[in-house]
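Below: one structure, written as structure tokens.
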Amino acid sequence: MRRRPVAAILQDQMEKSTTKTQNSRICFLAILTAFFWLFLLYFHFIILPQQNQPQSTISTTVNNQLTSLHHQPYSPPPPPPPPPPASLPKFKSPPRKNFGFPDKSTLQSQSPPKKNFPFTKALATSNNKTDPCGGRYIYVHDLPSRFNQDMLRDCKTLSLWTNMCKFTTNAGLGPPLENIDGVFSDKGWYATNQFAVDVIFSNRMKQYECLTKDSSIAAAVFVPFYAGFDIARYLWGYNISMRDAASLDLVDWLTKRPEWGIMNGRDHFLVAGRITWDFRRLSEEESDWGNKLLFLPAAKNMSMLVVESSPWNANDFGIPYPTYFHPAKDEDVFLWQERMRKLERKWLFSFAGAPRPDNAKSIRGQIIEQCRTSKVGKLLECDFGESKCHSPSSIMQMFQGSLFCLQPQGDSYTRRSAFDSMLAGCIPVFFHPGSAYTQYTWHLPKDYTKYSVFIPEDDIRKRNVTIEQRLSQIPEEQVRVMREEVISLIPRLVYADPRTKLETLKDAFDVSVQAMIDKVTNLRKDIIEGRTDENFIEENSWKYALLDEGQREVGPHEWDPFFSKPKGGNAESTDSSAEAAKKSWKNEQRIQ
């Protein structure tokens, strides 16, 4: 057997050694590469997601995900769990580029910016519980004197037939009344003209405890324009340009004021001591009645307080006619109320007024006839010339002796006599809802049965029932309750002496001002909350006045026939409103 050479054996061993070394290196590199990729996968799928998990779940999650890597093919990682507790640090991702557009998460987190309304400060004052005037401030425009005081200086021109100078004395109350017959109190009684509310109200405003010079905190803005005195000067013998001049001048002055811009005048109000029809001229015909103050676009934004409002318009509101009683202190009212409770009333019903023979729809003729023929009825018939109807003492004496006082329509819906009778503790009897129920909703209960009796006019025309029969059927206890309700209303129906102030009672002025504040405040809240009365029908204004708090919708009403208009008519008048205003002016010397 031949032996291999040593050199060949050594060479062969070296080749085998080199081959083993190369194979080891390849295996090492393969293992290193596999480890590297496993490490990358581990870091990417295990470590990074765990940064957003609570520490207590990390080990469990790691084991699960490692097992998953060995037994499942690759799939995207699950969504991250809920955010960590506040005590743990949060993982903060690097900011993204949004190329100028807001990030979606940013849009979701931002709430829409709040609108800043110019009346926000005024509304906020009501939240200050330490401020007794919070939410009650009134700003009064400092009008040029031609809009008010100049009219008083030229008082002889305020009425064609009546010298109004004596009625503008004593801050608009007129001359004091002497208590010769013992009908009145010893103090607080004046011969007040029924159309003197302009100056009475303005003087009462001077005593208002929450006046402000800062219009930005005002709950409402008062315009001391004597609108009733203004039109009274020019109703007879003047063209429409003269009748409209002061109203146009006023609107021009107001709209240039910064206070107007806060709500475009919807927070403004003024007072006129005449019926609404004197300010609602329907045409530019010289023969048409009154001026067009309440039809001016700017004036439609304002509120006008009148002694008789329109049932079909939304920019005027009824306030009481002035009576003869103007208490200077609370005690004056309390003593008068107690006296009215104790009176003996010998007449079942009474009426003070004149017939309207030229008005075919008037029921006054039938009422006067029933008063004459009834043994329990009392009549004080009025007409031009000397009459007991011109005597406040005679009128009040009759009302004080009656259980019920008849209050039919006059030349227009309303009468001052209604307030004189309630002042005497006499229960009013109305024959048309426009005489009180749809007029004085700020001052009288909406439930009219509490304080009055309603007999529809048609029942009198058709003689369905006599007044005596209807009233005698009311139980005595019910009469007593109704009379007490009337007496309790007296403070709200009288205007206190403008030179003083009542302490605990609210008079007609106080009630009116608070109602205006409430109206403006509610309007402001509606604007802020985006509420609109899209279904509001101005022609139904009288219905809205009767709604309860929070109600907004109106429907058919039992009084619709009383306020229906002829087809083709407009919402600003009945077929005789202007004519009624003319007659009312002519009959100012009568009891209205």
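The values are calculated or read from the model by the stated rules, or taken from the named source; none is laboratory data. What you are looking at is a predicted structure, and each value in this text was computed from that prediction instead of being measured. Neighbour counts are summed over all protein chains in view; Cβ atoms, including those assigned to glycine, are modelled from backbone coordinates with ideal geometry. Areas reflect the complete protein model, heavy atoms only, side chains present, ligands, DNA and RNA absent. Shrake-Rupley method; radii C 1.70, N 1.55, O 1.52, S 1.80 Å.
Structure notes:
- On region 258-398, 50 percent of the accessible area sits on carbon and sulfur atoms, based on a 1.4 Å probe.
- Å² per residue, accessible surface of region 121-198 at 1.4 Å: 51
- The residues of region 469-544 expose on average 52 square angstrom of accessible surface per residue, using a 1.4 Å probe on protein heavy atoms.
- Estimated FRET transfer efficiency (Ala124, Arg339; beta-carbon r; R0 35 Å; 0.05): 0.15
- Within a straight-line Cα-Cα reach of under 12 Å, Lys375 can be paired with the following aspartates and glutamates, leaving aside sequence neighbours fewer than 8 residues apart in one chain: Glu468.
- Sulfur and carbon atoms: percent of accessible area, region 401-472 [1.4 Å]: 43
- Note on region 239-382: percent of Cα-Cα distances in each 5 Å bin, starting at 0 and stopping at the bin with the largest distance, equals 2, 8, 12, 11, 12, 13, 11, 11, 9, 7, 4, 1, 0.
- Too-long pairs where the Cα-Cα distance tops 31 Å, listed order kept, from Lys213/Lys501; Lys121/Lys450; Lys342/Lys450: Lys121/Lys450
- Computed from label points 7 Å out along Cα-Cβ, the spacing between Met242 and Lys506 is 4.3 nm.
- Accessible surface area normalised per residue over region 217-370 is 34 Å², counting heavy atoms of protein chains with a 1.4 Å rolling probe.
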